[in-house]
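To keep things clear, I will list the structure first and then write my remarks on it.
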Amino acid sequence: LKAFAYVNATTEREALAALAKAERGRVLPMAGGMDLLGLAKDYIVTPERIVSIRNLDQTIAGADGGLRIGAAAKIVDLVEHATARKLYPALITAAEEVGTPQIRNLGTVGGNIMQRPRCWYFRNEEFHCLKKGGSRCFAVEGENQYHAIFGDGPCHIVHPSSLAVPVIAYGGRFRVAGPGGTRDIEAAQFFQMPNQNLYGESVLQPDEIITHIVLPAPGQRSASYEVRFKQSHDWPLAAASVNLVMAGPTVKSARIVMGAVAPIPWRAPAAERVLAGKAVTEAIAIEAANAAVAGARPMTGNAYKIQIARTAVKRAILAAVRG
Amino acid sequence: MWAKYFPIGAERINWKSRHVTGDPAPGPIKRGLGCSANRWGGAGTGARAHCEIGSDGSVVMRCGTQDIGTANKTIMAIVVAETLGLEVSQVTIELGDSNHPFAPGSGGSTTAAAVMPAMRVTAGKARDALFERIAPQLGVAAAQIEIGVGSVVVRGAGSSSSAVAQGAKAEDPAKTLSWKDACKMLGTVPVSVDGQWERGLSAGGTSGVQFADVEVDIETGITRVKKIVCVQDCGLIVDLKTAETQCYGGIISGVNYAVFEERILDRNTANMVNPNMEWYHMAGQSDIPEIDVVLVDQPERGVIGIGEPPAVATAAAIANAIRNATGVTLRHIPITPDKLLAEIERAGGTN
């Protein structure tokens, strides 16, 4: 671990001042430190200054019929929040499955959304991959069983955030503070594909931070389903979140988002269209799940993930309608 | 011994409930049972040891063996304590130091069979040396002294040759000295003896059977091992609790071997891409099945190692259970979701 200066910001203003004019990678914000310390210890990042933002707003409160979550809220506090549990089961289910109890006790909601990809080439000092400024993605002709089944590259990571998936399904926004003030960004517009942004995964600039996650009122039915190889600490092979606005037994509109299948949380509009206007049966859920993975373009060793993603979507839909 | 062990395991896994290959139950979760058998060596030789008994009653046994987490040190103390009639807490075992008398390395499940005889022989020699030293002061022959419970017992205390000559009756009642009082008679010079492994106290050749109860989600290819039953022998069981623990450890490793553990090398650079506990999968608490261990004691055979034997059968039992659950046969471990889904697809899909 390379030595670094440490700034413990107690206000947004202090945090932004410490991050100001940050050259990418030289100054980095840290909340729970679950991801950043691992990155630094593996020499994937070598910051000169780390700015702690763990003491910024951690409150979780109802707002305008929805929910506002301070980005510094611990994942465990979200899991145990009664209102969130009642209204946003897709988010709570996903939060319960993050990491381990230790990670949920210290890791923050904002940190989960901003964590860097787990790609084993990106995380390995031995591989100077595209994302680190190298000339190739080693996964293409290498070991890609846990890589993306959607997207055209040139980098084939899967996005690591379990919480971003339901946040997008609920139509949430990220409140971002930076030198120019505060702005809200649709979560669905926040993440960027590698052909738009190779060295980062979102539109967030190095001198900006997420301060809040803002969710509108949920649909009447919502759920998440995650498929993991191990039951204990492991990353999902695929996950799905479903948010359904209902008119009686009929789906008025649906939002379906898949996780761990693409470089960003991956919306499935074709599957959403299958559900719209229908009362969901198992056959409809299967049809929607098939539509969700219809455009998949697997790599040499990960076609099996199509079946797993299909299953995650089907089960999330059925979990949502069955409540 | 397999013929005796299979019925025991079958009873405990409820083998009668086993369905034909391919769980006919509706839904994606398929249940299956499987079994397999193991044999292993577990013999060992060559360990040496040094034992000192101090005038304060302390017992120190030194041996150049090691405890790699197997409870070797615990069972060494148990053998020494039993030989001297003491509590385990009264015995000090010193190991893990190559300045101590030679003992072989830990491998091939040979440690217990190599070290326990050295403990028994050396502690016995120390006992005999103690008796030789204190017998003259007690006015008896060393052969009249034996080990009691936390004590030494002097038989016919009044019947030493000089006492008999003085008209004492040979059936004089036994006299009991506490261990501490007996050792006090050593004065400033402790008992200090060397000993080593001898034939006849240990052996080789273990056998066992295992049964697995698994659930396979045929829509995701993910296997959950629900229960393992293990029927295993290892000769004389020195300590039941730690022998069972060795079985738990072997079986957990067997589950990892069957389902999780895989060193993945990048095919183009030969760098390992999963050199960490994140992607080198190993079972965590929630991935470890219920484990039911039946140990079969064979005191007449002497001590035999139990480190590896319980790990031998587990993966085969799990693979057979997966076949019983799904109807597909996997011939390569670990049985990961990609392999299982490919076989299920080849066999005609999830329906």
### Task
Would you please name the residue that is farthest from the chain's Cα centre (by Cα), looking only at residues in region A:281-295 that are more than 14 Å from chain B (Cβ to nearest Cβ) and either charged (D, E, K, R) or surrounded by fewer than 24 Cβ atoms within 10 Å (Cβ to Cβ) (or both)?
A:THR281
### Query
Of everything in region A:224-243 that's under 24 Å from A:ARG322 (Cα atoms) and among the small types (Gly, Ala, Ser), which residue is surrounded by the most Cβ atoms within 10 Å (Cβ to Cβ)?
A:ALA240
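Confirm whether A:ASN144 is more than 14 Å from chain B (Cβ to nearest Cβ) and either in a helix (DSSP H, G or I) or closer than 18 Å to A:PRO263 by Cβ (or both).
no
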### Message
I'd like to check which strands (runs of 3 or more DSSP E) are fully inside region B:173-235 and have at least 3 residues that are in contact with a helix residue (DSSP H, G or I) (Cβ under 6 Å, 6 or more places away or on another chain).
### Response
B:191-196, B:206-217, B:222-233
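Residues to consider are B:GLU343, B:GLU262; find the one that is acidic (Asp, Glu), in a helix (DSSP H, G or I), within 13 Å of chain A (Cβ to nearest Cβ) and in contact (Cβ under 8 Å) with a residue 12 or more places away in the chain.
Going through B:GLU343, B:GLU262 in turn, just one is acidic (Asp, Glu), in a helix (DSSP H, G or I), within 13 Å of chain A (Cβ to nearest Cβ) and in contact (Cβ under 8 Å) with a residue 12 or more places away in the chain: B:GLU343.
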### Task
Residue by residue through region A:217-255, note down the ones that are hydrophobic (A, V, I, L, M, F, W, C) and within 14 Å of chain B (Cβ to nearest Cβ).
A:VAL227, A:PHE229, A:TRP235, A:LEU237, A:ALA238, A:ALA239, A:ALA240
### Task
Report yes if A:ARG273 is out of contact with any Phe, Trp or Tyr (no Cβ under 6 Å at 6 or more places or on another chain), away from every other protein chain (no Cβ under 14 Å), in a helix (DSSP H, G or I) and surrounded by fewer than 16 Cβ atoms within 10 Å (Cβ to Cβ), otherwise no.
yes
### Query
Can you tell me which residues in region A:308-323 are within 21 Å of the chain's Cα centre (by Cα) and either β-branched (Val, Ile, Thr) or within 12 Å of chain B (Cβ to nearest Cβ) (or both)?
A:ILE308, A:ALA309, A:ARG310, A:THR311, A:ALA312, A:VAL313, A:LYS314, A:ARG315, A:ILE317
### Query
Mind checking whether some residue in region A:171-185 is polar (S, T, N, Q), surrounded by fewer than 24 Cβ atoms within 10 Å (Cβ to Cβ) and closer than 18 Å to A:LEU204 by Cα?
yes
### Query
Restricting attention to region B:280-289, and to residues there that are outside any helix (DSSP H, G or I) and crowded, with 19+ Cβ neighbours inside 10 Å, which single residue is farthest from the other protein chains (Cβ to nearest Cβ)?
B:PRO289
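Computed from the coordinates by the stated procedures, all read-outs in this text should not be read as laboratory data. These figures come from a predicted structure and were not determined experimentally. Positions of Cβ are backbone-derived with ideal geometry, glycine not excepted, and every protein chain shown enters the neighbour counts.
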